[in-house]
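Throughout, read-outs are computed from the coordinates displayed, never taken from laboratory work. Everything numeric in this text was worked out from a predicted model, so none of it was measured. For neighbour counting, all protein chains shown are included, and Cβ atoms are generated from backbone atoms with ideal geometry for every residue, glycine included.
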């Protein structure tokens, strides 16, 4: 059992990956495409704005969030109708102005609002879960330059955990893609 | 008022090129700097303190009035039979209406790819949140015993009773609370990238921790952006029918009853148009002084003001049409009670309120046909303030004139507000402005990431289509090749 402890001490800080800085949208797209074409899967691009074409350049598959809207919407619809039918027509039936105990037209507004509410909660919940939020610690946050990723610089990070990762090859690839600066980020 | 130099006027139409949405020598760095600097000052300017002191005092007055109301009872208001809804519901409908511009700008203009919305959406969405907070207050306190307000929700309780879902008043509970929740989600999700910008620029530990927590660990990741844009588009698509439904449901409170003057089918579209009209007027009322004080003419350009003025004019015409159509139907229906209700509005004891409304909502906006009025900030501001007044009176006229004289002359009455009514209204403005000033102080007042993405450096101008059809939120089909070649 003592072996892993020793190896941690011997290795020192572990490499998380390489972080390359770019100064324009065009260079970022080109670099992301080259990294993907080189066969890497554990890499990411970072930009202050959503970049057109980055999905294709990085090979990101379409998000499944729309399914959550369908699920949330269907739950809201069903819950809304059931709630109004059960409370007003079954559990506590009472007659008001001769209106039917349960009538679809009068049930539409609440059903509609619940449909929208649960769909919206589904989308935001899905976004938060799929993006792994909240995530207050990330190795990239240690980089001083990376702070500009939310202001005016574009970055590509390639993780050391990628099976094809070799420090010098990746560095060369990123530099030849037009990176203005490449740095190693520790885990 | 700082005069806006002529170079900043980008409102002239030149069909050969699209007018820039950000003027001046700005790039990503300077836009970030300009917007963040407002929220990053170690101390706000003195004017902020003065404005905050006034609005916080008014908010305290609101609290005192509510305390007085709770301790004494609903009789402290000028309400009595037959007018059992007065300032309370007028204020509620007024504030909910104000709250419509934000989601209209964020959701509907987003779906229509109106890129100019980026400069004003954060501002308008925040206004929406605060207006809906003010709105939600009134129905909650007007029930008389606010500690029983939970009866409005379908909660299992010791009485074994459920609320009556066939009542429009209960529909309102669902509509307004859904609207508030979805608007809040929209506002917050839209703000995450900008909160991360503030986190990354933070110079003190406390700012870095607070904005760090609020931004949830955003790092501009391409994979996150991908889902984020999808989620934003879906939220916009969900909020669009929602924003149209909320004021429709509010109008059902009146339209579903049998009172002459309320019982009309034109109410839902008429209320929605009025809400957008009043909401945009409130955006202009707040935005024009702040733009001038903080010298933001490069981000909120003359073109932005002109576009908003055009929406105010268009929705104002719809509202004017609805006023006319109500009279026509009152005559055409041949119903004597209906006809009386409308003649009574224009010529009865509340004629002063009716004609104030007509002047502010129908006559004053006509000034906006004139280009000079749309592009001169102070003139536009004047019209916007009048529209705010007019829209408050519209709700007052609808509610109070209809209730004060219905079928039987023996049960007519005249509603007069008490000092508590007036101070509660003033106090709700205090609460609204106080929340708004806090927003200006701590949160980026522009959607920085969105403003950047409509700038040339955002890459929108690269690719086969120019100008239209490209907007963030869209999944591009064919430009990616071009991007790759261009960069390589």
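Figures for the structure shown
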read-out	value
Extension reserve of the residue B:352-residue B:310 stretch, reckoned as 0.36 nm per residue once the Cα distance is removed	12.3 nm
Principal-axis tilt of helix B:336-347 within chain B, Cα atoms, nearest 10 degrees	70 degrees
Proxy reagent accessibility, fewest Cβ within 10 Å first, across B:214, A:68, B:198	B:214, A:68, B:198
Max mean-square fluctuation residue, GNM over chain A, Cα-Cα springs under 10 Å, options A:61, A:145, A:42	A:61
Value of relative contact order over chain A, rounded to a whole percent, pairs C-alpha under 8 Å and six or more apart	48 percent
Whether the stretch B:354-439 is rounded, prolate or oblate, judged on the alpha carbon gyration tensor where a/c under 1.5 counts as rounded	oblate
Relative contact order of the stretch B:96-178, defined on C-alpha pairs under 8 angstrom at six or more residues apart (%)	24 percent
Exercise: per-residue mean of other protein chain Cβ atoms within 10 Å, A:155-164	1
The stretch B:71-197: radius of gyration over Cα atoms, expressed as a fraction of 2.2 N^0.38 Å	1.29
Rounded tilt (10° steps) of B:222-255 against the dominant C-alpha axis of chain B	20 degrees
Label point distance in nm, residue B:204-residue B:147, each placed 7 Å from Cα along Cα→Cβ	4.0 nm
Efficiency of FRET from Cβ geometry, residue B:41 and residue B:160, R₀ 56 Å, rounded to 0.05	0.50
Cα-projected label distance for residue B:84 with residue A:161, points at 7 Å along beta-carbon direction, nm	6.4 nm
Spin-label pair residue A:186/residue B:321, simplified geometry with 7 Å Cα→Cβ offset, distance in nm	6.8 nm
Per-residue average of Cβ from other chains inside 10 Å of A:61-73	3
Extension reserve of the residue B:177-residue B:19 stretch, reckoned as 0.36 nm per residue once the Cα distance is removed	53.0 nm
Inter-chain Cβ neighbour average for residues B:153-166, partner chain, 10 Å	5
Estimated Rh, the stretch B:170-217: Kirkwood, alpha-carbon pairs, angstrom	12.0 Å
Förster-model FRET efficiency, 25 Å R0, residue A:175 and residue A:15, C-beta, rounded to 0.05	0.90
Largest-first ellipsoid semi-axes for the protein assembly as shown, taking √(5λ) over the Cα gyration tensor eigenvalues, angstrom	50, 29, 23
Angstrom value of the Kirkwood radius, inverse mean 1/r, which spans all Cα pairs in the stretch B:125-248	17.3 Å
Alpha-carbon centroids, the stretch B:48-110 and the stretch A:16-36: separation in whole Å	52 Å
Alpha carbon centroid spacing (whole Å) that separates the stretch B:329-345 from the stretch B:124-168	33 Å
Mean Cα-pair separation over length for the stretch B:325-428, i.e. relative contact order, pairs under 8 Å, 6 or more apart, %	25 percent
Alpha carbon convex hull of chain B, volume per residue in cubic angstrom	182 Å³
Sites residue B:422 and residue B:71 - FRET efficiency at Förster radius 30 Å, r taken between beta-carbons, to 0.05	0.95
Principal-axis tilt of helix B:302-332 within chain B, Cα atoms, nearest 10 degrees	20 degrees
Fewest-first sequence of B:270, B:179, A:92, B:332 by Cβ atoms within 10 Å of each Cβ	B:332, A:92, B:270, B:179
Residue order, fewest to most beta carbons within 10 Å, for B:416, B:115, B:310, B:452	B:416, B:310, B:115, B:452
Protection-proxy order for peptides A:28-39, B:373-384, B:336-347, each taking the mean of Cβ atoms within 10 Å per residue, highest first	A:28-39, B:373-384, B:336-347
Inter-part distance where the stretch A:135-156 and the stretch B:185-215 are each reduced to a Cα centre, Å	13 Å
